Amino acid sequence: MEPMTRLTSTTLVLPEENIDTDQIIPARYLTTTASSGFADAAFRDWRFDANDQPIGDCVLNEPDAPNRKILVAGANFGCGSSREHAPWALRDFGFRVVVSSRIADIFSGNARNCGVLPVVVSEEDNAWLLANPGAEVTVDVEQGTIEFNDRKVAFELDEFSRYRFMNGQDVLGYILAQGEAIDAYEQRVENP
Amino acid sequence: MSQPQSLFDKIWAAHEVQPESSRAPAILYIDLHLIHEVTSPQGFDVLRERGIPVRRPGRTLGTIDHSTPTLPPRDGVRPYVTEQARIQVETLKNNCEEFGIELHGWDSPHRGIVHVIGPELGVSQPGLTIVCGDSHTSTHGAFGALAFGIGTTQVGHVLATQCLLMGRPKSMRVSVDGETGKGVTAKDIVLHIINHIGVDGGTGHVIEYAGSAIRGLSMEGRMTVCNMSIEAGARAGMVAPDATTLDYLRDRPKLQGQDFDALAERWLALASDADASYDRDVQIDAAEIAPRVTYGTHPGMSIPVDGVIPDPASDSDRKALEYMGLDSNRPISGHDIDVVFIGSCTNSRIEDLREAASVVAGKQVADGVDMLVVPGSEQVRIQAEAEGLHQIFENAGAQWRIPGCSMCLGMNGDIVSPGATAISTSNRNFEGRQGPGARTLLASPATAAASALAGSVADPRTVEISTLEVA
């Protein structure tokens, strides 16, 4: 994954609550065996009508939408299915950060694993961000802070994720390096 | 004596390869990895890129369910929705062959929805950690396992290392005590729980379901409850193993040749200690639970089937009612339906099919209503056909299909038309879940079947229930 230390972008706002992964990418796009190329499928049924024509008032269809790296959404973003195709679609569309007052567990882990940073802020802060689409926001991974409206607030980011995002490193290498501990565990449990 | 532990505490502690530290999350050992065609191909690609094998093929089990057609082959050709879907199924077959993994493909009498076949085979056992690239993996928690859905990158991690990197979730106990009323099923209990704690009320938590109304459920019922834990945002749901669990597991294929009594003793000891503590404790009175149906676009938006649609509390609620074509302050009962779906990992087991069949037996599905019955597995299909349930459904005017996820998410082409309303025994009523523009009402098999007869949402307590002769 691509490293990220500090990112400044204008936001794209989807104010709906409970945006589930079926909205982010409908199931009919999941029959692929590829792990990239999902930009067209992202929010497909919000962006295009039944005749595949763009829906005019959808903010995701605005010409500069793919340049907005920070998505701000209503509470409980990413609920539903565990499909990693959802954060893949957001990443391929152009987002690097998702901000909400609550982000679903499985989505949150999947997003981290494909280089999309989930940022959980307070309901008050999220309300301001939702009410100000296009605001300029800076996310500082090293400090674990998000800056907007002349404010800087901390968000929760574990040490491990911080290191991974800053260095663009995936998790598999780390687990593989614990091979001896895994061997020992299997010995202990399977041949007591 | 050490601190009292919950079922979750015991399983977590027994699977820590490395505990959580300030520098890294825990490394958790995974006993059983279930895989299907949709979320695994990219996981196998990672192994090939790195030139590494599957660490424990014997702890991995595959099936095909999501992209599989539910209509039989025509002229020897399976009617896949697209060529890509066929390739996806073929890819899993090739991956399982290459890496030495047991696969229940088209030719297996145990093929079916991944969350139906694990329990049936007896591989879903108490005390295990079980994962699958599928959020409804929480189903297996009904056996007192710690079972949860993972993403595809993590599928790759488990294939390669049999381990996951994971922060420890919080714990929540949901106790449902007392007697449930007439017509109330496990589906109604879990829809009530989700409505009570909220669609994101379980986020960050593992839920243990307890109390007399949960204990009184069959394994099938417990699976239905645990299945929908994710619909409240919870990572997993679980029920402590007891005599009901042991009775279900005793004769299962994968447990033959093992010392069952010794296993049983170990499993029963997993139950939460009396003084175990939870981050959150929720009490629910079973007597307050009615047969329920959803009216909105997430599973938390449900009401008693004889209830009135509430006023929207937010813009999202208003948008949901508009999408559903429903008005507030009107009863949901009597609302017209076009499609009835009996199936999915939530409600496609033999008890669910019996429940629906006992309602439609000797009657007719209303004119203009399409009813689809999709058993959860080959074993369920074989059992149902031995009991004559397929004939009951077909005589009533329903279609009897071959097993798979089918219309729950419509990946295989079994979809609801734009604007049409389905009453469905599945787990998600999200916008477009069952097809673009489709409207979904979630309900129990009994409520869905009663509604099929009426052609509109109907209260299962008001219809005659036939006694089926069980073979």
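The values are calculated or read from the model by the stated rules, or taken from the named source; none is laboratory data. The structure presented is a predicted model; accordingly, all values stated were derived computationally and were not measured. We place every Cβ from the backbone using ideal geometry, glycine too, and count neighbours over all the protein chains shown.
Quick notes on this one:
- Number of the condition not met by B:Leu34 [criteria: (1) of a type in the set (A, V, I, L, M); (2) within 9 Å of chain A (Cβ to nearest Cβ); (3) in contact with a helix residue (DSSP H, G or I) (Cβ under 8 Å, 6 or more places away or on another chain); (4) surrounded by 22 or more Cβ atoms within 10 Å (Cβ to Cβ)]: (2)
- Criterion violated by A:Val13 - all others in (1) surrounded by 22 or more Cβ atoms within 10 Å (Cβ to Cβ); (2) under 30 Å from B:Ala313 (Cβ atoms) satisfied: (1)
- Scanning the range A:164-178 for residues that are out of contact with any strand residue (DSSP E or B) (no Cβ under 7 Å at 6 or more places or on another chain), farther than 18 Å from A:Gly109 by Cβ and not in a helix (DSSP H, G or I) yields a single hit, A:Ala177.
- Across the range B:247-265, the number of residues qualifying as touching a residue at least 40 places away in the same chain (Cβ under 8 Å), within 24 Å of the chain's Cα centre (by Cα) and not in a loop (DSSP other than H, G, I, E, B) comes to 5.
- Among the residues of the range B:252-270, the ones that are aliphatic (A, V, I, L, M), surrounded by 14 or more Cβ atoms within 10 Å (Cβ to Cβ) and in contact with a Lys or Arg (Cβ under 9 Å, 6 or more places away or on another chain) come to 2 in all.
- Residues in the range A:1-42 that are more than 9 Å from chain B (Cβ to nearest Cβ) and either small (Gly, Ala, Ser) or without any contact (Cβ under 8 Å) to a residue 40 or more places away in the chain (or both): A:Ser9, A:Ser36, A:Gly37, A:Ala39, A:Asp40, A:Ala41, A:Ala42.
- Candidate set: the range B:92-109, residues that are among the aliphatic types (A, V, I, L, M) and outside any helix (DSSP H, G or I); chosen: the one nearest to B:Pro73 (Cα to Cα): B:Leu103
- Subset of the range B:54-68 [within 12 Å of B:Val158 (Cα to Cα), assigned to a loop (DSSP other than H, G, I, E, B) and more than 12 Å from chain A (Cβ to nearest Cβ)]: B:Val54
- Residues in the range A:3-60 that are touching a Lys or Arg at 6+ places or on another chain (Cβ under 6 Å) and of a type in the set (Gly, Ala, Ser): A:Ser9 only.
- Selection from the range B:203-224 of residues that are in contact with a strand residue (DSSP E or B) (Cβ under 6 Å, 6 or more places away or on another chain) and within 30 Å of A:Gly78 (Cβ to Cβ): B:Gly204, B:His205, B:Val206, B:Ile207, B:Glu208, B:Tyr209, B:Ala210, B:Ile214
- Qualifying residue in the range A:105-124 (condition: without any contact (Cβ under 8 Å) to a residue 12 or more places away in the chain and touching a Pro at 6+ places or on another chain (Cβ under 8 Å)): yes
- Flag: B:Ser272 does not match the condition of being in the same structural domain as B:Pro331 (by TED's automatic domain parsing), touching an Asp or Glu at 6+ places or on another chain (Cβ under 8 Å) and either of a type in the set (S, T, N, Q) or closer than 30 Å to B:Ala458 by Cα (or both).
- Number of the exception - B:Glu351 against (1) free of Cβ contacts under 8 Å to residues at least 24 places away in the same chain; (2) out of contact with any Lys or Arg (no Cβ under 7 Å at 6 or more places or on another chain): (1)
- Scope the range A:63-110; condition farther than 18 Å from A:Ser122 by Cβ, among the charged types (D, E, K, R) and within 14 Å of chain B (Cβ to nearest Cβ); matching residues: A:Arg83, A:Glu84, A:Arg91, A:Asp92, A:Asp105
- Any chance B:Val17 is within 11 Å of chain A (Cβ to nearest Cβ) and closer than 19 Å to A:Ser36 by Cα: no
- B:His335 vs. criteria surrounded by 17 or more Cβ atoms within 10 Å (Cβ to Cβ), assigned by TED's automatic domain parsing to the domain that holds B:Asn395, touching a Ser or Thr at 6+ places or on another chain (Cβ under 7 Å) and at pLDDT 95 or above: yes
- Checking B:Ala213 against (1) closer than 27 Å to A:Ala104 by Cβ; (2) buried (at least 24 other Cβ atoms within 10 Å of the Cβ), the condition it does not meet: (1)
- When B:Ala396, B:Ala384 are checked against the criterion of being on the phi < 0 side of the Ramachandran plot, over 24 Å from the mean Cα position of the chain (by Cα) and surrounded by 21 or more Cβ atoms within 10 Å (Cβ to Cβ), a single residue qualifies: B:Ala396.
Residue-by-condition table, conditions (1) over 21 Å from B:Leu191 (Cβ atoms); (2) within 14 Å of chain A (Cβ to nearest Cβ):
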site: B:Thr244; (1), (2): yes, no
site: B:Leu255; (1), (2): yes, no
site: B:Asp261; (1), (2): yes, no
site: B:Glu265; (1), (2): yes, no
site: B:Val282; (1), (2): no, no
site: B:Gly307; (1), (2): no, no
site: B:Arg318; (1), (2): yes, yes
site: B:Gly325; (1), (2): no, no
site: B:Ser328; (1), (2): no, no
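- Only listed residue being touching an Asp or Glu at 6+ places or on another chain (Cβ under 8 Å), modelled with pLDDT of 95 or more and not in a strand (DSSP E or B), chosen from B:Glu49, B:Glu37: B:Glu37
- Helices (runs of 4 or more DSSP H) fully within the range A:26-120 counting 1 or more residues that are small (Gly, Ala, Ser) and farther than 26 Å from A:Ala154 by Cβ: A:85-93
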